[in-house]
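Structure first, then comments.
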Amino acid sequence: MGFFWEKGPLFVKEIQAFYDELKPHFNTLSTIVRGLEEKDYLSHKAYGNTYQYYVTVSREDFSRRTLRSVISKYFNNSYLGAVSSLVKEEDISLKELKELIQNVGEGRL
């Protein structure tokens, strides 16, 4: 998705060219791009038998939808479970957690 936000509409061959070494196979990239299109993150314009893909969501919407998906898949739709895991795994201090709660309460997040 980053390539699309940075560069604009792209053909799969153009995406492949952005990689230096160990370029992903064309079919692999094509499968990934089609998957993103199925999720409505991308759309395409046909040029003969080839497609130029372009983004249909902002970075913010993409991040929000991805986060919701992760919380649904790995935390059984529990935002509290996700935050608890982050606190536990990232060793967030009580002070940092209080700041987070204050920022949420003040609408700064």
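None of the figures in this text is laboratory data; all of them are computed from the coordinates on show. A quick note: this is a predicted structure, and the numbers were derived from the prediction, not measured. Reconstructed Cβ throughout: ideal geometry from the backbone, glycine too, with neighbour counts over all protein chains shown.
List of remarks:
- Counting only alpha carbon atoms, the long axis of helix 94-105 and the longest principal axis of the chain meet at about 70°.
- When shorter helices are ignored and each DSSP H run of at least 4 residues is given -39500 (n - 2.57), the per-residue value for the chain at 222 nm works out to -18500 deg cm²/dmol.
- Relative to the dominant Cα principal axis of the chain, helix 59-75 is inclined by about 60°.
- On Cα atoms only, tilt of 26-38 relative to the major axis of the chain in degrees: 60 degrees
- Using 0.36 nm per residue and subtracting the Cα-Cα separation, the extra length available between Tyr54 and Leu97 on full extension is 11.6 nm.
- If the chain linking Asp61 and Trp5 were pulled fully straight, counting 0.36 nm for each residue of separation and taking away their Cα-Cα distance, it would gain 18.9 nm.
- Tensor-based shape of segment 56-109 (alpha-carbon gyration tensor, a/c under 1.5 rounded, otherwise prolate or oblate): oblate
- Label point at Tyr47 placed 7 Å out along Cα→Cβ; residues across segment 1-26 whose backbone nitrogen lies under 20 Å: 1-19, 26
- Annotation note: chymotrypsin sites (Phe, Trp or Tyr not before Pro) in segment 19-109 located in DSSP loop regions with a Cβ neighbour count of at most 16 within 10 Å are Tyr19.
- In segment 41-82, the trypsin sites (Lys or Arg not before Pro) that fall in loop regions by DSSP, at most 11 other Cβ within 10 Å: none
- Peptide packing for 8-17, 87-96 was compared via the average number of neighbouring C-beta atoms within 10 Å per residue; ordered from the highest value, the list is 8-17, 87-96.
- Each of Tyr79 and Asp20 was given a label point 7 Å from its Cα along the Cα-to-Cβ line. The distance between the two points is 4.1 nm.
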